[in-house]
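Have a look at the structure below before the remarks.
All of the numbers you see were taken from the coordinates with simple rules; none came from a lab. These numbers come from a predicted model, not from an experiment. So basically every Cβ, Gly included, is an ideal-geometry build from the backbone, and we count neighbours across all protein chains shown.
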């Protein structure tokens, strides 16, 4: 048996050494981590407009340099509030998002706030004269949160593309919203309004789409996740409607 | 009459029969998964795809080897009263090192594995080897023992993941540049089950394979085969 003093001395020394090593390593790698995270998030945005970037382009396989240059040259980032008014980058920074751009807005944090206090990122992609608006949405799946980006044409009704991700949906079932490219592809060309002009968003229909205008096929065995996607699209895109209205007027 | 035994001083990095046994034993007679049935939880959780399983295996080999090494180096100065906590701190430190490195090298995989890297801390194989081996053996031997057990774990993990990915998703090494799409319902796959006159039109990917239950069956089958092939194991239990 060692004396108490020895034990305390040993534990304290070990803690200090370990803390020093780990904090040095974490600080040293921070710039690389931040860069990786930024590129990861940018790729998720680009995943919604894959079809516009060229044939057979996979956003997650794009080289890092290309992702950054697309963002620099072709994408304008805007942050808006629930009324559709733009929020200045100082204001965004004041809300705790360092950098103040749309890409820095953390939808996970925003989702916890009451709707009227939230801010929303918008990425406007310039496709040679035509603007495509990419909006971020977030909702709940079966086990945990799901989120995604939806790209809309400048008629604010037709979907150009969508991409989804999730925290912990079942692999092979709910996780197909991310893993199965065929599920994402279905959203291309869908309208978020029915033939009479009522807002419907896009509905993921169990047993197969009935109204091809605004419905897509569900995933068998993943009804709850699919319903989550429907809900997320319905509420998520609606938050952007006031902003779209201001754009339509101008 | 005093008996004098002249102890032959062994070189620090000896690599003889005993050392080789430290590496090969966990692959067969003492495999951590199929014989000791340790570390099952992570074997069920991460093995849906081959690539993440390979990453986890490398991480476990690293953590196992170096935690064994450091524990063995410190074994004479670690106070017995707090030895488990000290071992845990060593493991946790190494796991954090792995996590920070992976986050810098391959961010998408880091995101995909999320909590499972951190859960290596609770992998009973690591702690088990520290208690059973590193606390009583020299650093070099402990290091080899750690590598051996890590590899023994990794081999099973990768084998399970191979079957789960091929039969569950019809792909091989998905998510890497070496991805091969083997069998599936469109022309991107080598065997297109939807093609006209395809011999495989009856085939569907097995959704059970991507659920943890499939890993349970696969590991059980591996234990069965292992025991049938190595009768020495049957008498142990």
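Could you tell me how far the Cα centroid of the range A:107-141 sits from the Cα centroid of the range B:161-222, in Å?
Centre-to-centre distance over Cα atoms comes out at 36 Å.
Report Rg(Cα)/(2.2 N^0.38 Å) for the range A:38-249, keeping two decimals.
0.97
Remind me, relative contact order of chain B in percent, using alpha carbon pairs under 8 angstrom and six or more residues apart?
Here the relative contact order equals 28 percent.
Using 0.36 nm per residue of separation minus the Cα-Cα distance, give me the extension gain between residue A:188 and residue A:248 in nm, one decimal.
Gain on stretching residue A:188 to residue A:248: 19.4 nm.
Under a crude label model (7 Å from the Cα following the beta-carbon direction), how far is residue A:199 from residue A:22 in nanometres?
4.6 nm
Taking the 0 to 90 degree range and rounding to the nearest ten, how far is the long axis of helix A:223-238 tilted relative to the main principal axis of chain A, both from C-alpha atoms?
Helix A:223-238 sits at roughly 80 degrees to that axis.
In Å and whole numbers, how far do the C-alpha atoms of the protein assembly as shown stretch along each principal axis, longest first?
109, 62, 35
For a quick check: sort A:50, A:116 by the number of other beta carbons within 10 angstrom, fewest at the front.
The fewest-first ordering by Cβ neighbours comes to A:116, A:50.
Select from B:95, B:210, B:115 the residue whose mean-square fluctuation is largest in a Gaussian network model of chain B (Cα-Cα springs shorter than 10 Å).
Highest fluctuation among the options: B:115.
Taking 0.36 nm per intervening residue step and subtracting the Cα-Cα distance, what contour gain separates residue B:45 from residue B:229 on full extension? Could you put the intermediate results ahead of the total?
Working: separation 184, 0.36 × 184 = 66.24 nm, distance 2.70 nm.
Here the answer is 63.5 nm.
Given the rule -39500 (n - 2.57) for each run of at least 4 DSSP H residues, summed and divided by the residues of the protein assembly as shown, what is its mean residue ellipticity at 222 nm, to the nearest 500 deg cm²/dmol?
Value at 222 nm, helices only, nearest 500: -15500 deg cm²/dmol.
Using only Cα atoms and rounding to the nearest 10 degrees, what angle (0 to 90) does helix A:4-47 make with the longest principal axis of chain A?
20 degrees
Tilt of helix B:83-105 relative to the longest C-alpha principal axis of chain B, in degrees (0 to 90, nearest 10)?
40 degrees
Between residue B:85 and residue A:212, what is the label-to-label distance in nm when each label sits 7 Å out along the Cα-to-Cβ direction?
6.9 nm
What residues from the range B:76-107 fall in the zone where the backbone N is under 19 Å from a label point 7 Å along the Cα-to-C-beta line of residue B:121?
B:82-104
Let me know the mean shielding of B:97-105 by other chains, meaning the per-residue number of their Cβ atoms within 10 Å of its Cβ.
Taking all residues of B:97-105 together, the mean is 4.
With a 10 Å Cβ neighbour count serving as the proxy for reagent exposure, in which order, fewest first, do A:199, A:97, B:189 appear?
By the 10 Å Cβ count, ascending: A:199, B:189, A:97.
Between residue B:195 and residue A:83, how high is the FRET efficiency from 1/(1 + (r/R0)^6) when r is the Cβ-Cβ distance and R₀ = 60 Å? Nearest 0.05. Can you show the working numbers first?
Numbers: r = 53 Å, r/R0 = 0.89.
Efficiency at R0 = 60 Å is approximately 0.65.
Between the alpha-carbon centers of the range A:191-218 and the range A:143-184, tell me the distance in whole angstrom.
The range A:191-218 and the range A:143-184 have Cα centres spaced 15 Å from each other.
For chain B, modelled as a Gaussian network with Cα springs under 10 Å, which listed residue fluctuates most, B:151, B:97, B:160?
Answer for the Gaussian network model of chain B: B:97.
What translational diffusion coefficient, in µm²/s and rounded to a whole number, does the Stokes-Einstein relation yield for the range B:1-153 at 20 °C and a viscosity of 1.002 mPa s, taking the hydrodynamic radius as the Kirkwood radius over Cα pairs?
Roughly 131 µm²/s, to the nearest whole number.
Sorting B:25, A:155 on the 10 Å Cβ count, fewest up front, what's the list? Kindly include the intermediate steps, with their values, before the conclusion.
Values: B:25 16, A:155 10.
Least to most surrounded, the residues fall as A:155, B:25.
Restricting to Cα pairs below 8 Å that are 6+ residues apart, what does the relative contact order work out to for the range A:38-249? Please round to a whole percent.
Here the relative contact order equals 17 percent.
In whole angstrom, note down how far apart the Cα centers of the range B:27-63 and the range A:236-250 are.
Using only Cα atoms to place each centre, the spacing works out to 51 Å.
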